[in-house]
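Participant: One structure follows; several queries about it will come next.
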Amino acid sequence: MTILIALSSAVCWSVFDLKRKQLVEHIPSLQLSWFLALAVLPLYLLLNALSWPAWPQSSYWYPALGSLLVSTLAAVCFIEALRVGQIARLVPLLALTPVIAALFGFFWLQQSLAPREWLAGAAVVVLLFLLNGGGQDFQPGPGATLMLLVALGWGSGTVFDKLALQSASPLLHALLQTSGMVLLLGVLIVLRRLPLALKALRQQRAALLLAALFFCAAVSLQLLALRELHPGIIEALKRGLGIVGALLWGWLFFAERIGRQQMVLAALLVVAIVVLVWP
């Protein structure tokens, strides 16, 4: 059952990737991140009001703060990367996320890595290199650096989340993280004196609400699964389906050309990720 929950979360994340790619063409990256966080806040308030969870223990706050900071940075970098680059070319870079989650899990959760897992991690890096051109003509394309920051943020953030969930319920953690993201992004918008793009928001309100629903479902299901599964397994499922989804969305909605070699390498990449994190 937990694997099914994690798979459902991965599907929601993939659709959410698509909706963000579509929305960022109309709403600037930072404002879009803030709108999405603000849109899901009432949903989490309602869910917590219905369940009435206990207040977190004191040990919750340090990993929760770490998760908030890296997740907020990753959310903004992800949307900006999609704005400047191709979804099918950039999202495969997130295959590094399970590698990062496995390494952080080793240092923070004292979960050792077997030789098989180290070899699979090296295979992920090599396949990423080949997927983005490889050889002397290697050009990762616009947005690659931003997407690598996203991989770092999401990989470490999943481990922070698992630590935080030892002291709080998943729904309350989601509410506190979302509230913190709304506050942090709001302060950044004010300090940078950015316009709120309200006209674009009104024009895209239906798409924004749909994206918010998938966002809420993806996060909630992931946190539920994370209580029992290794962070690397969660990230492997997300990235595996995310790669397949990115190729599909890029081809269907953005006229991005997907070559046979790219599809083969993406399939091998999914296999390497599964080998890396599967028990």
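Participant: With respect to VAL190, is the statement that it is of a type in the set (Val, Ile, Thr), in a helix (DSSP H, G or I) and open to solvent by less than 40 Å² (accessible area, probe 1.4 Å) true? So that I can check it myself, show each step before the final result.
Facilitator: On the way: of a type in the set (Val, Ile, Thr): yes; in a helix (DSSP H, G or I): yes; open to solvent by less than 40 Å² (accessible area, probe 1.4 Å): no.
Here the answer is no, as VAL190 does not meet what is asked.
Participant: If you go through segment 154-178, how many residues are out of contact with any Lys or Arg (no Cβ under 8 Å at 6 or more places or on another chain) and either more than 15 Å from LEU223 (Cβ to Cβ) or part of a loop (DSSP other than H, G, I, E, B) (or both)?
Facilitator: So the count comes out to 6.
Participant: Inspect all residues belonging to segment 36-47 and state whether any of them is under 16 Å from the mean Cα position of the chain (by Cα), in a helix (DSSP H, G or I) and not β-branched (Val, Ile, Thr).
Facilitator: yes
Participant: Right, here's the next one. Considering each of LEU30, LEU50, LEU93 in turn, give the residue that is in contact with a Lys or Arg (Cβ under 9 Å, 6 or more places away or on another chain), over 17 Å from VAL219 (Cα atoms) and either outside any helix (DSSP H, G or I) or hydrophobic (A, V, I, L, M, F, W, C) (or both).
Facilitator: On the way: LEU50 fails: in contact with a Lys or Arg (Cβ under 9 Å, 6 or more places away or on another chain); LEU93 fails: in contact with a Lys or Arg (Cβ under 9 Å, 6 or more places away or on another chain).
On inspection, the qualifying residue turns out to be LEU30.
Participant: For segment 20-57, how many residues meet the condition of being open to solvent by 30 Å² or more (accessible area, probe 1.4 Å) and among the charged types (D, E, K, R)?
Facilitator: Within segment 20-57, residues that are open to solvent by 30 Å² or more (accessible area, probe 1.4 Å) and among the charged types (D, E, K, R) number 1.
The values are calculated or read from the model by the stated rules, or taken from the named source; none is laboratory data. All figures in this text were calculated on a predicted structure; none of them were measured in a lab. Glycine gets a Cβ as well: all are built from the backbone with ideal geometry, and neighbour counts include every protein chain shown. Note: areas computed on protein heavy atoms with side chains; ligands, DNA, RNA excluded. Shrake-Rupley method; radii C 1.70, N 1.55, O 1.52, S 1.80 Å.
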